[in-house]
Amino acid sequence: MELDDKSFGDGLRIIGKNWSRAGYELVPLVTPEHALRCSLDILLLRPGEDKFIFKMGDIDGQLKTLFDGLKIPDSEAETGNSPPQNDETPFFCLLQDDRLITDVHVTTDQLLLLPNHKEVTANDAFVVIDVKLNPKYSGTYDNYF
C-alpha cells in the first residue's frame, strides 16, 4: 500500500495535535513511546574570549540552552511567548524531553568567521550536531535502566 502526500500530512497533523503545547502542534522524533533515545556529537565554535570585554556563558550553560532548544517546550515562556508562524505547523523538534539524550560528546574550538559575515560578534556561535538514534530493544536490560 502506497502512502500518499495527503495521508502523510493528515498523520503529521494528528501527531501534532497529540503533542500540542504552548500554542504549537509539535512532532518530536525521539519519544519513549517509540522506544528511542539519542546520542549527540556536538561541534561548538565560539568566538575567542580574549577578543571581547564581556565573557559569554560557560559551556555547561550553553549546552543546557542547546538541549532546551532541541526539546518540545513546556510553556509559552520557553517559546519567548511567540506564536507559531504559518510554516511552523506542525513544528518538528528532536526530543520530547532532554532526558532522552543518552550520550553527549562535545568538541569546542574558536570561531573565526561565520559564512557570509565579515566579522564575529560576542554572541555568535556555529554549532554542528550529529544525532544518532538509539533504539531500546525489549529483549535487553536497556528497558530496566
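Values in this text are rule-based calculations from the coordinates and carry no lab data. All figures in this text were calculated on a predicted structure; none of them were measured in a lab. FYI the Cβ positions are ideal-geometry reconstructions off the backbone, even for glycines, and counts take in every protein chain you see.
At-a-glance table
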item	result
Reachable aspartates and glutamates from K132, criterion Cα separation under 15 angstrom, eight or more residues apart if same chain	D41, D98, D103
Two-site label geometry, S39 and T79: point separation in nm, points 7 Å out along Cα→Cβ	3.4
Relative contact order (%) - segment 1-122, alpha-carbon pairs under 8 angstrom, separation at least six	40
Paramagnetic label zone (point 7 Å from Cα along Cα-to-C-beta, L63; backbone N under 20 Å) in segment 81-104	94-104
Quotient of C-alpha Rg and 2.2 N^0.38 Å, computed over segment 11-144	1.24
Ranking of L45, L112 by count of other Cβ atoms within 10 Å, fewest first	L112, L45
Intensity falloff of segment 57-131 expressed as log10 I(q)/I(0), Debye formula with alpha-carbon point scatterers, at q = 0.24, 0.27 Å⁻¹	-1.23, -1.30
Segment F92-L113, length gained on full extension (0.36 nm per residue, minus Cα span)	4.7 nm
